[in-house]
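Read through the structure below, which is laid out as structure tokens, and then see the notes.
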Amino acid sequence: QVQLVESGGGLVQPGGSLRLSCLASGRILSINTMGWYRQAPGNQRELVAGITSGGSTNYADSVKGRFTISRDNAKNTVYLQMNSLKPEDTAVYYCNMDVRPRGWFVSNSTWGQGTQVTVSS
């Protein structure tokens, strides 16, 4: 069984920064795409940023130039550096990984439990 655990959320003032981390643990053979999603109350979950195993990245237009996604393959970890935070960034942030467990031929889309980010003065 593979588990994802996020950390780094919290309360921050507008203009501030936070760094989210998501660690995958368990019987992991490989991890392909890693990503961060967010869901604000009353809204659908949306993709914030994604990174491939080769390091190519994509960002939602609303966070381009402010957020940076990165990964450490040796640690099975993905990060989201969030700068210049705005109140509209307030949401629960979820990490997602395309994980191939040991002994499997296919990958599973695996989610973390979510971490709250609140941007408010």
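Would you please name the residue that is nearest to T52 (Cα to Cα), looking only at residues in the stretch 88-121 that are crowded, with 19+ Cβ neighbours inside 10 Å and hydroxyl-bearing (S, T, Y)?
Taking the stretch 88-121 and keeping what is crowded, with 19+ Cβ neighbours inside 10 Å, we get 89, 91, 93-97, 99, 110, 112, 115, 117, 119.
Within this subset, residues satisfying the condition of being hydroxyl-bearing (S, T, Y) are 93-94, 110, 115.
Numbers: Y93: 19, Y94: 17, T110: 15, T115: 22 Å.
For the stretch 88-121, the residue satisfying everything is T110.
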query: Is it the case that the stretch 48-55 has a residue that's at pLDDT 95 or above, part of a strand (DSSP E or B) and surrounded by fewer than 18 Cβ atoms within 10 Å (Cβ to Cβ)?
result: no
- line: Residue set N58, N32; condition out of contact with any Leu (no Cβ under 9 Å at 6 or more places or on another chain) and of a type in the set (S, T, N, Q); output residue N32
message: more than 19 Å from G26 (Cα to Cα), open to solvent by less than 50 Å² (accessible area, probe 1.4 Å) and in a loop (DSSP other than H, G, I, E, B): which single residue out of L80, L85 fits that description?
response: L85
message: Taking the conditions exactly as written (among the basic types (K, R) and under 12 Å from the mean Cα position of the chain (by Cα)), does R45 satisfy them or not?
response: no
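Across the stretch 24-44, which residue is surrounded by the most Cβ atoms within 10 Å (Cβ to Cβ) among those that are within 15 Å of R100 (Cα to Cα) and not β-branched (V, I, T)?
M34
Residue by residue, here is whether (1) over 16 Å from the mean Cα position of the chain (by Cα); (2) at pLDDT 95 or above; (3) not aliphatic (A, V, I, L, M) holds:
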{"site": "V78", "(1), (2), (3)": "no, yes, no"}
{"site": "P87", "(1), (2), (3)": "yes, yes, yes"}
{"site": "C95", "(1), (2), (3)": "no, yes, yes"}
{"site": "W111", "(1), (2), (3)": "no, yes, yes"}
- prompt: Which residues, counting only those in the stretch 56-74, are open to solvent by 60 Å² or more (accessible area, probe 1.4 Å) and closer than 16 Å to G8 by Cβ?
  reply: T68
query: Quick one: would you say R19 is in a strand (DSSP E or B), open to solvent by 60 Å² or more (accessible area, probe 1.4 Å), modelled with pLDDT of 95 or more and not hydroxyl-bearing (S, T, Y)?
result: yes
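The values are calculated or read from the model by the stated rules, or taken from the named source; none is laboratory data. Please read all numbers here as calculations on a predicted model, not as lab measurements. With ideal geometry, Cβ positions are generated from the backbone for all residues, glycine too; neighbour counts draw on all protein chains shown. Accessible surface is based on the protein model in full, side chains and every heavy atom, while ligands, DNA and RNA are left aside. Shrake-Rupley method; radii C 1.70, N 1.55, O 1.52, S 1.80 Å.
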